[in-house]
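The structure appears below as structure tokens.
The values are calculated or read from the model by the stated rules, or taken from the named source; none is laboratory data. Computed from a predicted model, the values in this text were never measured in an experiment. Neighbour counts run over all protein chains shown; Cβ positions are idealised from the backbone, glycine included. Accessible surface areas use protein heavy atoms only, side chains included; no ligands, DNA or RNA. Shrake-Rupley method; radii C 1.70, N 1.55, O 1.52, S 1.80 Å.
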Amino acid sequence: MRKKWISIICAVIIMVCTIITPAYAAGIFLPEESNTKQAESTDLIEAPSGILMEAQTGTVVYQKDADTRRSPASITKIMTLILIFDALDKGSLKMNDTVTTSAHAKSMGGSQVFLEEGEIQTVETLIKCIVIASGNDASVAMAEHICGSEQEFVRHMNERAEGLGMKNTHFEDCCGLTESPDHYTTARDIAIMSRELITKYPQIINYSTIWMENITHVTKQGTKEFGLSNTNRLLKMPVNFQVTGLKTGSTSIAKYCLSATAKKDGVELIAAIMAAPDYKVRFQDAVALLNYGYGNCRLYRDEAPPELPKIQVLGGVRDFVKAGYREGFSFLGLHGEDFSAIEKELQLEGPVEAPVGEGDVFGYLVYTLDGEELGRVAVTAEESVERAGFPDCLKKVWGLFFTPTPAC
């Protein structure tokens, strides 16, 4: 009898194993942990490195190997453009200034607009040559015009990159043509410098969305027209968002790179792709990232922050100082958050002691959602107030006792 029960139990075990083992193999009864890992390993892009960033807040929506150093090719020119627009912003450069092409600038290979030595073009024309046609010769001509030499310009490029927190970037030239292993950046750093360019200098879109345009070469050989054609094929692809730029790049070492920017429903996204195997993949990957972003992202902007009172100043030449918000507030929602439930709390100091410097922080406007802080904006002094001396105090006392009585 005992042997009979043992035989039955063994038969049941064998039958259960026979049913369950194939089910596990087919993934029907995968443990929850395994499903999670599978989801994490699912890639939106084919390229080895990429990142999706929201421009207003700098929030990273998606990333894949975003910090591996790689050759950026002509993506380098994003930093070149930042420095050009920095100079325009400071007033040391104007759009209608003329630039003379050097022999060194003319000698650039790769993508070029075929500038001749001694040829004169305006700054705006060279910006178009850089943005639309990725002209290496135009980039070097601008670098030399701004800093006297490409080498000095590149030094400023690296300083600017460091200032932006681009921790894994180093430039050796201003156009990305070099094959030096010391010329590198990452997908994350590309997104960072792209964000700086499009948010600080939104007028770049006036150039990065041009599909085709002609420039005129005036040289010793005569006058001739040259057509610029945008290397960013996204501009002509059927997509459900507005493509606004920004820059392509490719060399045998870098393979195919792209920084793509787009807008939809008030949300501006940056998709950086590095080392794609061919030019089609880089555009497909960018579209995949942007579609993912616009399918998941909603942006909250506080268009009506609370009105601020004047801040009382003790011991100052004036009794009150005007306060303002250091910046606006934006929050990127990725999980269907109810923006109507966002709460705002103004946390301000009481009277402050003089002296007060312009930009001094008086407190914060704090944003919360369901008890969780989303962020805060500093409330700062919009003017300075010096400490009152004896003559100032005397004037105040005099004013208290001898203020003229208004006429009836």
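General observations
- Per-residue extension of 0.36 nm, minus the Cα-Cα distance of residue 60 and residue 116, leaves a gain of 15.9 nm for this segment.
- Surface accessible to a 1.4 Å probe, residue 235 within the full protein complex, Å²: 40 Å²
- Accessible area per residue was computed with a 1.4 Å probe on protein heavy atoms; residue 310 scores about 140 Å².
- Ranking 107, 151, 139 by how far each Cα lies toward the positive end of the dipole of region 71-212 (charges on Cβ) leaves 139 at the top.
- Whole-percent carbon and sulfur share, accessible surface of the chain, 1.4 Å: 53 percent
- For region 218-226, 3J(HN,Hα) computed residue by residue from phi via the Karplus equation (6.51, -1.76, 1.60; θ = phi - 60°) reads 10, 9, 5, 7, x, 10, 8, 8, 9 Hz, glycine and proline entered as x.
- Over all other residues within a Cβ to Cβ distance under 13 Å of residue 244, the charged ones net out to +3, with Lys and Arg as +1 and Asp and Glu as -1.
- Distance between the pseudo-spin-label points of residue 348 and residue 303 (7 Å out from Cα toward the beta carbon): 2.5 nm.
- Figure note: 201, 279 ranked by solvent-accessible area, largest first, 1.4 Å probe, ligands and nucleic acids not counted: 279, 201.
- Solvent-accessible surface (1.4 angstrom probe) belonging to residue 224, in square angstrom, nearest 10: 130 Å²
- In this structure the chain gives 53 Å² per residue of accessible area when probed at 1.4 Å with all protein chains present.
- Counting only Cβ charges, +1 for Lys and Arg and -1 for Asp and Glu, the dipole size of region 156-219 around its Cα centre is about 340 debye.
- Comparing 245, 347, 121 along the charge dipole axis of the chain, the residue lying farthest to the positive side is 245, per the Cβ-charge model.
- When +1 charges are put on Lys and Arg Cβ atoms and -1 charges on Asp and Glu Cβ atoms, the dipole computed for region 243-387 relative to its Cα centre reaches about 960 debye.
- For percent of Cα pairs over 41 Å apart, the value calculated from this model appears in (i) 13; (ii) 9; (iii) 38 under label (iii).
- Total formal charge among the other residues, if their Cβ is under 13 angstrom from that of residue 132, Lys/Arg +1 and Asp/Glu -1: +2
- Only DSSP H runs of four or more residues enter the estimate; each adds -39500 (n - 2.57), and after division by the residues of the chain the mean residue ellipticity at 222 nm equals -10500 deg cm²/dmol.
- Mean Kyte hydropathy of 0.0 or more with a Cα span along the axis of at least 18 Å, helices from DSSP in the chain: 2-26, 77-90, 187-200
- 15 Å beta-carbon shell around residue 279, net charge (K/R +1, D/E -1): +3
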